[in-house]
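Asks: One structure is given below, represented as structure tokens, and several questions about it will come after.
The values are calculated or read from the model by the stated rules, or taken from the named source; none is laboratory data. Just so you know, these numbers come straight off a predicted model, no measurement behind them. Cβ coordinates were reconstructed from backbone atoms using ideal geometry, including for glycine residues, and neighbour counts include every protein chain displayed.
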Amino acid sequence: MWTALTTIRRWALPALLVLVACGSTAAPASATPHAAPAWRTWSDPVFAEAKRNGRFVLLDLEAAWCHWCHVMDEKTYTDPTVLALLRKHYVTVKVDSDAHPELARRYENFGWPATVIYAADGTEIVKRRGYVRPEIMVSMLEAVVRDPSPVRYPGTEPIDRWAGSAVLAPKQPIFEAAEVAPRALELARR
């Protein structure tokens with residue numbers, strides 16, 4: 001009994017030290033940084049760069065306290081297909097809503113995160129509210145590259161269309177019944 005314990009102790013400590021030494025040369029998986037877009041700050045030179053290189057500008061407007069902003073950073077912006085599209089066709093800009101209140105006010109109806117894609121001349125092409133899953137982001141990025149025509153939102157893009165909550169519905173009708181065919185009005189109210 002004593003001999004077996006002595007043998008185990010004699011080999012256990014050196015074996016443990018070897019394992020620790022071998023493992024210490026590589027960073028643990030949690031310490032390895034994820035690939036991420038080359039984020040820039042919001043500025044006029046960003047649009048000049050986009051124009052010079054024939055790219056679009058993607059704005060990721062977020063808040064430090066926003067859970068879904070962090071999820072997008074971890075899931076969407078580290079997706080290999082999303083990264084490849086961003087690197088090839090976009091200049092990426094990350095903005096903290098508290099640091100740029102003018103942008104926060106402009107997109108306040110969107111909440112956080114807000115994803116906005118601009119043409120190089122500053123024309124807004126498309127905007128999305130909330131968390132965008134990688135496969136949806138890929139679809140949106142590819143669609144903008146294929147057809148960069150700005151999306152025309154009716155009025156100010158009513159919140160009730162997306163929220164589904166009567167509390168968030170606007171008090172005034174978005175369209176007058178005489179302006180829109182009955183079927184279109186029915187679809188707009190869904």
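Asks: Return the only residue of 102, 74 being more than 18 Å from residue 37 (Cβ to Cβ), of a type outside the set (S, T, N, Q) and in a helix (DSSP H, G or I). Full working, then the answer.
Replies: Numbers: 74 fails: more than 18 Å from residue 37 (Cβ to Cβ).
Going through 102, 74 in turn, just one is more than 18 Å from residue 37 (Cβ to Cβ), of a type outside the set (S, T, N, Q) and in a helix (DSSP H, G or I): 102.
Asks: Pick out the one residue from 92, 41 that is closer than 23 Å to residue 147 by Cβ, hydroxyl-bearing (Ser, Thr, Tyr) and either exposed (fewer than 13 other Cβ atoms within 10 Å of the Cβ) or at pLDDT 90 or above (or both).
Replies: Details: 41 fails: closer than 23 Å to residue 147 by Cβ.
Answer to the check: 92.
Asks: Quick one: residue 52 ticks every box in (1) exposed (fewer than 15 other Cβ atoms within 10 Å of the Cβ); (2) in contact with a helix residue (DSSP H, G or I) (Cβ under 9 Å, 6 or more places away or on another chain) bar one, so which box is it?
Replies: For residue 52, the failing item is (2).
Asks: Tally time: how many residues in segment 90-117 are at negative phi and under 15 Å from the mean Cα position of the chain (by Cα)?
Replies: Taking segment 90-117 first, the residues at negative phi are 90-110, 112-117.
Subset that is under 15 Å from the mean Cα position of the chain (by Cα): 90-97, 107, 110, 112-117.
Qualifying residue count, segment 90-117: 16.
Asks: Looking only at residues that are without any contact (Cβ under 8 Å) to a residue 12 or more places away in the chain and part of a helix (DSSP H, G or I) in segment 77-99, which one is nearest to residue 35 (Cα to Cα)?
Replies: Let us first name the residues in segment 77-99 that are without any contact (Cβ under 8 Å) to a residue 12 or more places away in the chain, namely 84, 88, 99.
Subsequent filtering for residues that are part of a helix (DSSP H, G or I) retains 84, 88.
Numbers: 84: 11, 88: 15 Å.
Restricting to residues being without any contact (Cβ under 8 Å) to a residue 12 or more places away in the chain and part of a helix (DSSP H, G or I), the top hit is 84.
Asks: Failed condition for residue 126, given (1) among the aliphatic types (A, V, I, L, M); (2) within 10 Å of the chain's Cα centre (by Cα); (3) assigned to a strand (DSSP E or B), with all others met?
Replies: Looking at each condition in turn, residue 126 falls short on (2).
Yes/no matrix, rows are residues, columns are (1) surrounded by 13 or more Cβ atoms within 10 Å (Cβ to Cβ); (2) modelled with pLDDT under 85; (3) aromatic (Phe, Trp, Tyr):
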position	(1), (2), (3)
110	yes, yes, yes
117	yes, no, no
126	yes, no, no
181	no, yes, no
